[in-house]
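The values are calculated or read from the model by the stated rules, or taken from the named source; none is laboratory data. None of these values were measured; they are calculated from a predicted model. Please note: Cβ atoms are built from the backbone with ideal geometry, for glycine as well, and neighbour counts cover all protein chains shown.
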C-alpha cells in the first residue's frame with residue numbers, strides 16, 4: 001500500500017486493516033479503469049467526458065489519501081476544458097506512471 | 001445517556017463505489033447506519049419506500065445520471081425539510097457557484113469528499129439532532145392541534161344550539177374562540193312559557209386553562225338550571241350558586257364575569273344581574289335604551305371569597321315588543337385593526353353598526369341571523385384581528401312581520417320535515433298558491449339537506465341550526481337560508497338569467513364538494529354571501545319552470561372545467 005494512502009486511511013479508519021485494504025483495493029482498481037476511460041475520451045475528442053473522468057479520479061484519489069495522484073487529475077480537468085490535447089496526453093501518461101506505484 | 005446515533009439511518013448517494021465505501025465506513029465507525037446507493041433512481045425509491053426513516057441524505061453533486069440539484073428538487077417534493085449534505089471534491093474557489101446553490105436551500109449543507117471522520121461526525125450530529133428536535137416539535141404540535149380540535153367540538157357540543165325561535169321570543173348567539181377553544185360560555189334554558197334564562201360568561205384569560213374551566217362551569221350550570229325548581233331561582237340565586245362552585249372548585253385559579261338574565265316577553269321585561277361584565281345593550285327602533293341606569297351589579301363570580309349577590313343587585317328593565325337585547329363578552333371591544341391589538345374597536349362604531357343592523361333586521365325579518373351580519377360589518381371596517389374569545393347574544397320578543405316568515409330550525413331530517421310543514425302551513429295562511437308552496441318546500445328541503453349532508457361536520461350535526469326567512473317579493477317567493485356549514489363560494493345569478501349563470505354556479509358548488517342545487521329549474525335567481533362563518537343563500541323562487549335552451553352552454557362549461 002502506498003505510504004501516503006496508508007497513513008491517511010489509518011487515520012480515517014482508526015487503523016482498521018480490513019477496511020483500509022478494502023478501500024485501497026477499490027481505489028487501485030478504479031484508477032486503472034478510469035485512466036482507460038480517459039484515454040478513450042481523449043481519442044474521441046470528448047472533452048466533457050474527459051473533464052468528468054478527471055473529476056472522478058481526483059475525488060477517488062483524495063478519498064484514498066493519494067494527494068500525488070490528485071494533482072495531475074486537477075490539472076487534467078483544466079486542460080480538458082481548454083481542449084489542449086497534447087497536455088492532456090502528457091498528464092494521463094503521468095497518472096499512469098503514478099498508478100504503477102500503487 | 002442514550003446514543004442518538006444508534007439506528008439513525010443516513011442515505012448515501014454517489015455514483016462512485018469508492019466514495020460510497022469510504023463514506024459508509026466513516027459513518028459506521030461513528031455509529032450511524034448508512035444505506036448506500038449508486039444512482040438517483042435507487043435513492044428516490046429508498047426515500048419513497050421508507051418515508052421518515054432517513055435522518056439525512058449525503059449526496060454527490062456531479063453524478064453521471066443526474067445533477068445533484070435536480071435530485072434535491074425531487075427530494076424536496078418528498079420531504080421539504082430533509083437535510084441534504086452535498087459531498088463534493090470541488091475546491092471552494094473552483095466551485096463557488098456550486099456552494100452558493102447548495103446554500104440557497106436552508107436544509108442543504110456542504111461536505112468536502114475528503115472530510116475527516118471527526119468533522120463529518122460533528123456536522124451530521126448537529127444537523128440530525130436539530131432535525132430530530134424539529135420533527136418532535138412538529139409531531140407534538142400536530143398532536144396538540146388534534147387535541148384542541150376535539151376539545152373545540154366538545155365545547156361546542158356543551159353549548160346550547162346557536163339560535164332558537166319560539167312563538168313569543170327568539171335568541172341568537174355568536175360564539176368564537178380566539179384559538180380553537182374558548183373561555184367564554186353561554187346558556188339558554190326555558191324557564192316557563194315564553195320565559196328564557198340566558199347566561200353569558202367570560203372566564204378570565206383564554207386558551208386551554210380558560211377552556212377547561214369553561215367546560216366545568218358549563219357543566220355545573222346545565223345541572224343547576226335544569227334541576228327541579230330551577231325556574232323559581234332569581235339571577236342573584238344562580239350567581240350565588242356559581243360563586244360557591246368557583247370558590248369550592250376553582251379557588252384562586254379562575255373567575256368569571258357574567259350576565260345572568262331572565263327574559264319575560266309576556267311581562268314585557270327582563271330581570272338581570274351583571275357580575276362584572278359589560279352591561280346589556282338594549283336597542284329599540286334604532287335608539288339605545290338605558291338598560292341599567294343605576295349601574296347595579298356585583299363583582300365577577302369567584303373573584304373574592306366573600307362575595308354574596310343580593311336581590312338589590314338585580315336590575316329590572318322594561319322592554320317593548322320591538323326591543324332587541326344584546327350581550328357581549330369583552331373580546332368584542334378587544335377586536336383590533338392591527339396585529340398588536342393597539343387600534344381597538346371604538347364603542348361608538350360598533351354601537352352604531354349594532355343599532356343600524358338591528359333596525360334593518362327587525363324590518364326585513366332577519367333578526368335571527370343579525371349577529372353574523374354584525375360581525376361581518378365590523379370586519380369590513382377593518383376590525384378583524386381577534387385578541388380574545390368573543391361571544392355575542394341577541395334576544396327579544398318575536399315580532400311576526402306581516403307577510404314574513406322567520407325561524408331558526410334544528411338541522412336534523414325530522415326537524416327539517418316538520419319545518420317544511422310549518423312553512424307550508426304559514427304560506428297557506430298567507431294565501432299563497434299551492435304551486436308556490438310546493439316549489440318553496442322543494443328548494444328549502446333540498447338546500448337544508450345539502451347543508452346537513454355535505455356542509456356540517458358529523459360531530460356538529462346535533463347542534464346545527466339554520467335560520468330561514470320567507471316572503472313574497474315582486475310576485476315570486478323569496479327564500480333566505482343562513483347556515484353555518486362549510487364556506488361556500490359567493491355567487492350571484494340575476495333574476496331572468498338564461499341558465500348559464502346557474503350552471504356556472506352549480507359547477508362552482510360541486511367543485512367545493514357541496515353538491516349541486518337544482519335551482520335552475522326552480523328559481524329566477526340566486527345569491528350567496530358569506531358573513532364570517534355563516535353562509536347566506538337567497539333564492540328567488542319562480543312560479544313557472546323555464547323552457548329555454550341555452551346555446552353554447554356546453555362550451556362555456558368545458559372552459560370553466562378547464563380553468
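Restricted to segment B:159-170, and to residues that are crowded, with 23+ Cβ neighbours inside 10 Å and within 21 Å of the chain's Cα centre (by Cα), which residue is nearest to residue B:325 (Cα to Cα)?
Within segment B:159-170, the first condition is being crowded, with 23+ Cβ neighbours inside 10 Å, and the residues that meet it are B:162-163, B:170.
Still in the list and also within 21 Å of the chain's Cα centre (by Cα): B:162-163.
On the way: B:162: 16, B:163: 14 Å.
Checking each candidate, the answer is B:163.
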> Being at pLDDT 90 or above and at the interface with chain B (Cβ under 9 Å from one of its Cβ atoms), is that true of even one residue in segment A:37-54?
Replying inline: no
> Is it the case that residue A:96 is more than 11 Å from every other protein chain (Cβ to nearest Cβ) and either assigned to a helix (DSSP H, G or I) or crowded, with 21+ Cβ neighbours inside 10 Å (or both)?
Replying inline: yes
>> Yes or no: segment A:6-16 includes at least one residue that is assigned to a loop (DSSP other than H, G, I, E, B) and more than 9 Å from chain B (Cβ to nearest Cβ).
In response: yes
>> If a residue counts only when it is modelled with pLDDT of 90 or more and within 14 Å of chain A (Cβ to nearest Cβ), which helices (runs of 4 or more DSSP H) contained entirely in segment B:1-101 have at least 1 such residues?
In response: B:17-29
> When you scan segment A:10-25, how many residues do you find that are under 17 Å from residue A:101 (Cα atoms) and in contact (Cβ under 8 Å) with a residue 24 or more places away in the chain?
Replying inline: 2
>> Scan segment A:76-84 and tell me whether some residue there is facing another protein chain (nearest Cβ under 10 Å) and surrounded by 16 or more Cβ atoms within 10 Å (Cβ to Cβ).
In response: yes
>> List the helices (runs of 4 or more DSSP H) inside segment B:300-409, counting only whole elements, that have at least 3 residues being touching a strand residue (DSSP E or B) at 6+ places or on another chain (Cβ under 7 Å) and under 22 Å from residue B:482 (Cα atoms).
In response: B:347-364, B:370-380
> So which residues in segment B:166-196 are in a strand (DSSP E or B) and touching a helix residue (DSSP H, G or I) at 6+ places or on another chain (Cβ under 6 Å), if there are any at all?
Replying inline: B:170, B:172, B:174, B:181, B:185, B:187, B:189
>> Condition first: modelled with pLDDT of 65 or more and over 24 Å from the mean Cα position of the chain (by Cα). Can you find one or more residues in segment B:478-491 that meet it?
In response: yes
> Within segment B:121-135, is there a residue that is at pLDDT below 85, within 14 Å of another protein chain (Cβ to nearest Cβ) and more than 19 Å from the chain's Cα centre (by Cα)?
Replying inline: yes
> So which residues in segment A:67-87 are over 12 Å from the mean Cα position of the chain (by Cα) and either outside any helix (DSSP H, G or I) or closer than 14 Å to residue A:34 by Cα (or both), if there are any at all?
Replying inline: A:82, A:83, A:84
